[in-house]
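Presented below is the structure to which this report refers.
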Amino acid sequence: MKYKVAPSILSADFTQLGNQIREIEEAGAEYLHFDVMDGMFVPNISFGIPVMKSIRSATGQVMDAHLMVQDPIRYVDAFKEAGADLITVHFEACPDVRACLEKIKEAGIKAGLSICPATPVEVVKEYLDIVDMILVMSVVPGAGGQAFIPESLDRIKEVREMIAQSGREIDIQVDGGIKVSNAKDVLDAGANILVAGSAIFKGDLAKNTKDFLEIMKDYE
């Protein structure tokens, strides 16, 4: 299993976005996380397809699109064309979860399925045959800077056990309140991709990125 940090540009300084992306990539961040919000599934609005498209040619990182939008199947093709390598949709936002995941796979990219803190983890079980990643939200989606919900650790463990029983190799990504101080607990629970926003983009970006990767070395 490969361990990655996925810096979320929701916390970036957009006046310095190109420089900051370059800095975290040079420091070893292989993923770039896009928290896309539509003002419907979650109350806030963030950014979308034009931002990803403008960044695609500037980086070799995995473009990790987390669609916090209602009925995300409508946007799969557009995000694929904008450069997404991975599209994650929310169980709670899809009228037909399997149809949406199948559309992502048919587009030739990786498919992720996310669950909110209040959603029972058991709902992901029937989709383990098709997903490449499960995203366990460790905050209520919709805003950056929230505190990690401690109960998320048990939820991560449950998902990892279900994946083990499935016999497939599926990533577990965790998003919300991730810091260097709790990264080890999250990795111990079974996650292998950590989304970090302010923990990366506040202060020394290169050092912050390397601090996460240093912790992950013990798990490779």
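The values are calculated or read from the model by the stated rules, or taken from the named source; none is laboratory data. Given the structure is predicted, the values throughout are model-derived calculations rather than measurements. Glycine also receives a Cβ, built like all others from the backbone with ideal geometry; neighbour counts cover every protein chain displayed. For accessibility, only protein heavy atoms count, side chains too; no ligands or nucleic acids. Shrake-Rupley method; radii C 1.70, N 1.55, O 1.52, S 1.80 Å.
Scan the range 189-212 for residues that are open to solvent by 40 Å² or more (accessible area, probe 1.4 Å) and either closer than 26 Å to ASP154 by Cβ or part of a helix (DSSP H, G or I) (or both) and report the count. Working first, answer last.
The initial filter retains those residues of the range 189-212 that are open to solvent by 40 Å² or more (accessible area, probe 1.4 Å), namely 198, 202-204, 207, 210-211.
With either closer than 26 Å to ASP154 by Cβ or part of a helix (DSSP H, G or I) (or both) added as a condition, the list becomes 198, 207, 210-211.
So the answer is 4.
Answer with yes or no whether VAL89 is of a type in the set (Val, Ile, Thr) and either within 21 Å of ASP13 (Cα to Cα) or open to solvent by 50 Å² or more (accessible area, probe 1.4 Å) (or both).
Values: of a type in the set (Val, Ile, Thr): yes; either within 21 Å of ASP13 (Cα to Cα) or open to solvent by 50 Å² or more (accessible area, probe 1.4 Å) (or both): no.
For VAL89, the condition - of a type in the set (Val, Ile, Thr) and either within 21 Å of ASP13 (Cα to Cα) or open to solvent by 50 Å² or more (accessible area, probe 1.4 Å) (or both) - is not met.
Restricting attention to the range 167-188, which residues are touching a strand residue (DSSP E or B) at 6+ places or on another chain (Cβ under 8 Å), of a type outside the set (D, E, K, R) and not in a loop (DSSP other than H, G, I, E, B)?
Of everything in the range 167-188, those that are touching a strand residue (DSSP E or B) at 6+ places or on another chain (Cβ under 8 Å), of a type outside the set (D, E, K, R) and not in a loop (DSSP other than H, G, I, E, B) turn out to be ILE172, GLN173, VAL174, ALA183, VAL186, LEU187.
Only residues that are open to solvent by 70 Å² or more (accessible area, probe 1.4 Å), of a type in the set (D, E, K, R) and touching a Gly at 6+ places or on another chain (Cβ under 7 Å): list them for the range 27-57, please.
Result: LYS53, single match.
Looking for something closer than 17 Å to MET133 by Cα and open to solvent by 10 Å² or more (accessible area, probe 1.4 Å) - is there at least one such residue anywhere in the range 58-70?
The answer is yes, given that some residue of the range 58-70 is closer than 17 Å to MET133 by Cα and open to solvent by 10 Å² or more (accessible area, probe 1.4 Å).
Return a yes/no flag: does the range 133-141 have any residue that is of a type outside the set (Asp, Glu), in contact (Cβ under 8 Å) with a residue 60 or more places away in the chain, in a loop (DSSP other than H, G, I, E, B) and out of contact with any Leu (no Cβ under 9 Å at 6 or more places or on another chain). Don't jump to the end; show me each part of the working.
Quick first cut of the range 133-141, residues of a type outside the set (Asp, Glu) only: 133-141.
Within this subset, residues satisfying the condition of being in contact (Cβ under 8 Å) with a residue 60 or more places away in the chain are 133, 135, 141.
Those still in the list that are in a loop (DSSP other than H, G, I, E, B) too: 141.
Cutting the leftovers down to out of contact with any Leu (no Cβ under 9 Å at 6 or more places or on another chain) gives us 141.
Yes, the range 133-141 has at least one match.
Within the range 76-121, track down each residue that is of a type outside the set (A, V, I, L, M, F, W, C) and in contact (Cβ under 8 Å) with a residue 40 or more places away in the chain. Give the steps one after another, and end with the answer.
Narrowing the range 76-121 to residues of a type outside the set (A, V, I, L, M, F, W, C): 77, 80-81, 83, 85, 88, 90, 92, 95-96, 98, 102-103, 105-106, 108, 110, 112, 114, 117, 119-120.
Scanning the range 76-121 gives THR88, HIS90, GLU92, GLY112, SER114.
Is it the case that some residue within the range 14-26 is assigned to a loop (DSSP other than H, G, I, E, B) and buried (at least 19 other Cβ atoms within 10 Å of the Cβ)?
In the first step, residues of the range 14-26 are kept if they are assigned to a loop (DSSP other than H, G, I, E, B); the result is none.
No, there is no match, as no residue in the range 14-26 is assigned to a loop (DSSP other than H, G, I, E, B) and buried (at least 19 other Cβ atoms within 10 Å of the Cβ).
VAL159 fails exactly one of the following numbered conditions: (1) under 18 Å from VAL97 (Cα atoms); (2) of a type in the set (Val, Ile, Thr); (3) touching a Lys or Arg at 6+ places or on another chain (Cβ under 6 Å). What is the number of that condition?
(3)
Which residues, taken from the range 89-103, are outside any helix (DSSP H, G or I) and either out of contact with any Cys (no Cβ under 8 Å at 6 or more places or on another chain) or over 18 Å from GLN173 (Cα atoms) (or both)?
Matches in the range 89-103: CYS94, PRO95, ASP96.
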